[in-house]
1. State, to one decimal in nm², a quarter of the convex hull surface area for the C-alpha atoms of region A:176-290, i.e. the direction-averaged projected area.
2. About its Cα centre, what dipole magnitude does region A:93-216 give when the only charges are +1 on Lys and Arg Cβ and -1 on Asp and Glu Cβ, stated in debye to the nearest 20?
3. Hey, what did chain A get for relative contact order, percent, Cα under 8 Å, at least 6 apart?
4. Any idea what the dipole of the protein assembly as shown comes to, in debye rounded to 20, about its Cα centre with Lys/Arg Cβ at +1 and Asp/Glu Cβ at -1?
5. Would you mind checking the tilt of helix A:343-353 against the longest principal axis of the Cα atoms of chain A, expressed as 0 to 90 degrees and rounded to 10?
6. What's the center-to-center distance, using Cα atoms, between region A:296-310 and region A:476-495 in Å?
7. Can you give the local net charge around residue A:164? Use residues other than it whose beta-carbon is closer than 11 angstrom to its beta-carbon, Lys and Arg +1, Asp and Glu -1.
8. With the Cα gyration tensor of region A:410-532 giving a ≥ b ≥ c as the square roots of its eigenvalues, does the rule (a/c under 1.5 for rounded; else a/b larger than b/c for prolate; else oblate) give rounded, prolate or oblate?
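Here, each number is a calculation from the coordinates, and none is a lab measurement. What you are looking at is a predicted structure, and each value in this text was computed from that prediction instead of being measured. Neighbour counts are summed over all protein chains in view; Cβ atoms, including those assigned to glycine, are modelled from backbone coordinates with ideal geometry.
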Amino acid sequence: MLMKILEKIISRMAPGHKSQDPHQKREPVPICPDPRNNEAYILKAYGNSGDVVVRRLKLASGLEVLVAHIDGLVDHRILSANIVARITDESDVGLRSPGEAHRVLKDRLLTACQVWETDDMTELLRAMTWGSCIVIIEGRSTGLYSNVVEHKERAVEEPGTEASIRGSKEGFNENLRTNTSLLRRRVRDPRLWIEERSLGNLSRTRVALIYIKTLVREEVVQEIRSRLDGVEIDSIQESGQLEELIEDAPYSPFPTVLRSERLDRAVGALFEGRAVLIIDGTPFVLLAPITFFTFLSAAEDYFERWHAGTVLRGFRLAVFITSLILPSLYVAITTFHQELLPTILLVRLAAQREGVPFPAAVEAVLMEAFFEVLREAGVRLPRIVGPAISIVGVLILGETAVQAGLVSSALIIVVAMTAIASFATPGFSLAISARLLRFPLVLLAGTLGLFGIYWGLFALLIHLVSLRSLGVPYLEPMAPTVLSGLKDTLVRAPWWKMDAQPELIAQDEERVPPGARPEPPGKRPPEGEKKT
Amino acid sequence: MKTGAREQISPYQLIALLFFVRLAPRTLVCPTTMTVPRTQDLWLADAVSAMLTVGFVFTLSRLGQRHPGRSIIQYTEDLLGRPVGMLIGMLLAGYFFFVAAYTARMLGEAFNMSIMPFTPNLVFIGALTLLAANAARSGLEVVARTGEFLFPLILIVLLLLLVLPLGQVDSTRFLPLLRDGLVRVIPATSIEFMFYLEFMVLGLLIPHLRAPEKVTRFTVLFTAANGLMMTAMCLIMVGVFGPTLDALGLQAFLLARMIRVGEFFERVEALLLASWVLSTGVKIALMIWAFCTCLRQTFSLHRWRHLPYAAAALLIACSQLFFADVVSMARLLAEPWTVTSVTFILSLTALLWIAQLVRGGGDTD
């Protein structure tokens, strides 16, 4: 209900928004047989930009050939050796007719990896932006273009935002092709399918939809395709933009698509029957469908022994709940339910709060807000002065606030514990949700005590069970209960027990055959005898 | 509100929902103690009513199985005709509405009596009822999944309440048993049975069940297990509180307060408070859904999106108007409501069973 009202308000606020057919195409622009006209058109289209290089070369027979590219996007060695040198080769003196010259150039002379042909000038201009060199022969109304792009990219490095102790140190970078090749190297099977398309009317950002054909559910792929087809925006610069355009619940504070820059995380998702979306220009790929519990798992859960993985997941769930409700519990107990505290602790808390001018709820909201400001400042500030701000913020301001009697020292401990807990949540998007939801929970606790917290949590639960990620219930396998899925949710079962893919996400494929549990030689069945 | 054949629930979700239906009157304000002259006989009322409920649930489940995909209102129309079906539909809607109203009031009173005496109970009732209406509007699947998620967590709290006070149970408090005869336990049994008859919601849930052929087995087994658990809880309360039990308003809360394991595990009542809010929320959501479903099916409504909110507003008002205070609520539930609802539900079930025998020719399985 509230969502609908919000939706209506937002749609009315958007000025002059008119619905457009997403599949609307521009009229093709014909190619002129005169190279001078084409040169003028290209230069005009790019506004005489300094990086646009247009040359008119001559074949040995005297026919003019227009060659154009954008400097900085192409590999000059390939351009010179495979295109320019071929055109200016004196040996092909017999290419007198434009048609023959066009055919020979296309089929024999241009030796760059692939050559495409088109009669649309717009397509040629667009190809130039992708790093292609275009070739138009005098007297022809069709042009050729060949990909001679030069990849200048950041090296494949360890992901900065998702560190791990054990496991691959490879993270994605900003180049889509490098990222797809990284996945190909991990899944050396033709069933890894990659569908590419361009999104953004101006940016024409390349987006790759990647999945393992035999594992992913067809309806999931269809759904992603249809959502991508419906994307109508001028530019896509980061995966977060695309996430907002294709997610299931755009008004929900909870993410229904997972972002990651870890290669092993994306590969793991593919093997679980999920789809991966790579967006050119960002190292953060999108994984879907996902569940709430995906955010509480880390890549190394699967690389450490299963006992450790299980215990760590339990801790992560605990810290997520801590980061969500600890400040509100402090407020509720100190304001309404002092009887829940042991007497000694109650006396100490009362002594600390004596003289504090604000109610506990206001005190908590102020400190939480202050901490958020500090965190934001720490992210934005240059690295050299960052630690100084931390020292000023945490040590000096915190201690001074306590000494001045503005806040109690117990609250400082609560806020610090909450902050540490929020950093321990592996899914950064989920940690952000907890940060946002903490404030209303504190206010509820300040007005209705424990009832307020429970009410807030009940509201969150109702919201969570109604969420879906590409059709998969968000709280699966807890609600609805899927027994096989529980092996990889709050616990991480041993690998020899992970016999099936996630039931509601992937197609029914065997992952580990029965009897994969390792045993000492004496207990093993004889060679050739199959276990059941 | 989302309804229709597409909404399906699993047997596990069904059991979770029924669990919450029975849990609320057992752990919140319980009027049964007012009617038993000897508190040591109280557990007998629970045990006997649970046994009676097994028979009721069996009958209701078999009726549902005979009419696949049809709710109790729809097959009442099939068996007894449209006018009777409409009348039954309206009466059932009123029944579920009243159950939701006293459940909400019980929660409000419980919070007033336990930890927040100065906050008007309207605040608790209003907040939770609106949230429950929102869940009911999202559909049965959402209510069922919420119940399913909470079921194991609240079961753990209940088991803690059953196990941890065992050390404080005094076996002499169970004696003498039936000193005033079995007849004196009948009023308390009727009240407990009245609460168990809230399982009538099963008649609306069975058409949504993913495996309707298993419904009888699941519901009968669950009712028996649930009866055992509730009786065990009653026994613990009698064993711990003894003759003072009838003077206590919130037995479960006081029981939770007494739990102390070593010097570290205590204040279990905070968990019980959580289970109050969450389980009562699920129950009210289910009852609002049942109320709206009854109206929708009786009057063949096509637009019912805002009905749960209207029902919630009415329910908040009625929870205040129907009961002046907790004592009058207990009296109303203990006497007129028990007689009315038990008579209505049992007569309806018997009528449908007889009509089924006459029209359908007996057991076809």
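1. Numbers: hull surface 26.0 nm².
Mean projected area for region A:176-290: 6.5 nm², to one decimal.
2. Result for region A:93-216 is approximately 420 debye, rounded to the nearest 20.
3. 12
4. So the dipole magnitude of the protein assembly as shown works out to roughly 1000 debye.
5. 60
6. 14
7. Local net charge: -2.
8. In terms of gyration-tensor shape, prolate.
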